[in-house]
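Q: Attaching a single structure in structure tokens format; questions to follow.
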Amino acid sequence: MLLKQRVLSSIGLWGTLLLVLLVFKVHGAVFFVGLFALMAQYEFSYLLKSSKKQRIFDVTLAGSFIAAYAQLAPNTWTDLLYALALILICNWSVFVGKTAVSFLTSLFCFWYITLNFHFFLKILDLFQWECYPGLMMVIWIVLVTKLTDVGGFFIGCAYGKHPLAPSVSPKKTWEGVGGGMAFALIASVLFFLFFKKCLPVSFTLFKCLCFTVIMAWGAIVSDLLESLLKRQLNTKDSGRCIPGIGGVLDLVDSLLLNAPLGYILLKSFL
């Protein structure tokens, strides 16, 4: 029953995401980046047992950062926006939160969720906010990342025998890693062949394959990081709003490392 719910939820959610991106293009991407960042930020603040005031502050800061970045000239304002966010966090911690815990919580939440997620917008900016090829590269990153999750889950459940990181996530196996890599590579090649005309000219099949292997490993590590955090916080899921999956943070956890990783690969090697 749980597996069926997970499959149906994943198909519905990611299908909706892709549909919105294809219809609303860049505006749809900005909307989802903001929405997922806000919801994941709230869930993580809640898991850390932050006060209601601090949760409101963290979510407001996240929303303001994403909105401001999308509105202003990103290449000019990124450093300034980050500096302003840091100043706000410091002032909040000293005059309202009044504890080191509130400072560390807000700072880590901002870095882990909002700052990582905004790299999807930086990827769009990398291609001058054009619908193609920037949007297609964002879709490619999401596709590779989530197919790594899917392959790892199914192959790991069916054939997993050798634990990957037993102290962090006992169910993750090396067989699952192989399955995730295989699923990601197959999906990436098919995506490249079907949408080659919409992709950057410098994004060759060889680079596609190399990037996919790196991104698949990034998805695995990013997923393990959330498992580590949840284990330390003695919780199984970040929330209960998505049947079979848990919370929004559980849905996007593997993307949190891959957003900046994908940006670095595209900026450095395309």
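The values are calculated or read from the model by the stated rules, or taken from the named source; none is laboratory data. Fair warning: this is a prediction, and the values are worked out from it, not measured in the lab. Quick reminder, even Gly has a Cβ in these numbers, built from the backbone with ideal geometry, and neighbours come from all protein chains shown.
Q: Out of all the residues in the stretch 242-265, is one or more in contact with a Leu (Cβ under 9 Å, 6 or more places away or on another chain), modelled with pLDDT of 85 or more and more than 23 Å from LEU13 (Cα to Cα)?
A: Yes, there is a match, as at least one residue in the stretch 242-265 is in contact with a Leu (Cβ under 9 Å, 6 or more places away or on another chain), modelled with pLDDT of 85 or more and more than 23 Å from LEU13 (Cα to Cα).
Q: Out of SER50, SER93, SER45, report the one residue that is surrounded by 16 or more Cβ atoms within 10 Å (Cβ to Cβ) and not in a helix (DSSP H, G or I).
A: Only one candidate passes the filter, namely SER50.
Q: Tell me yes or no: at least one residue of the stretch 162-183 is within 25 Å of LEU115 (Cα to Cα) and either assigned to a helix (DSSP H, G or I) or of a type in the set (A, V, I, L, M, F, W, C) (or both).
A: Checked the stretch 162-183: at least one residue is within 25 Å of LEU115 (Cα to Cα) and either assigned to a helix (DSSP H, G or I) or of a type in the set (A, V, I, L, M, F, W, C) (or both).
Q: Specify the residue that is farthest from VAL201 (Cα to Cα); the eligible residues are those in the stretch 96-151 that are in contact with a helix residue (DSSP H, G or I) (Cβ under 6 Å, 6 or more places away or on another chain), buried (at least 21 other Cβ atoms within 10 Å of the Cβ) and among the hydroxyl-bearing types (Ser, Thr, Tyr).
A: This residue is SER102.
Q: Kindly indicate whether GLY152 is within 23 Å of VAL248 (Cα to Cα), out of contact with any Phe, Trp or Tyr (no Cβ under 7 Å at 6 or more places or on another chain) and of a type outside the set (A, V, I, L, M).
A: Considered against the rule, which asks whether it is within 23 Å of VAL248 (Cα to Cα), out of contact with any Phe, Trp or Tyr (no Cβ under 7 Å at 6 or more places or on another chain) and of a type outside the set (A, V, I, L, M), GLY152 comes out as yes.
Q: Could you tell me which numbered condition THR204 fails, if it satisfies all but one of (1) under 15 Å from PRO133 (Cβ atoms); (2) in contact with a Ser or Thr (Cβ under 8 Å, 6 or more places away or on another chain)?
A: So the condition that THR204 fails would be (2).
Q: Also, quick follow-up: Just give me the residues in the stretch 96-123 being basic (Lys, Arg) and either in a helix (DSSP H, G or I) or under 19 Å from ALA37 (Cα atoms) (or both), in sequence order.
A: Passing the criteria: only LYS122.
Q: A follow-up question, please. Would it be correct to say that VAL189 is surrounded by 14 or more Cβ atoms within 10 Å (Cβ to Cβ) and closer than 29 Å to LEU47 by Cβ?
A: no
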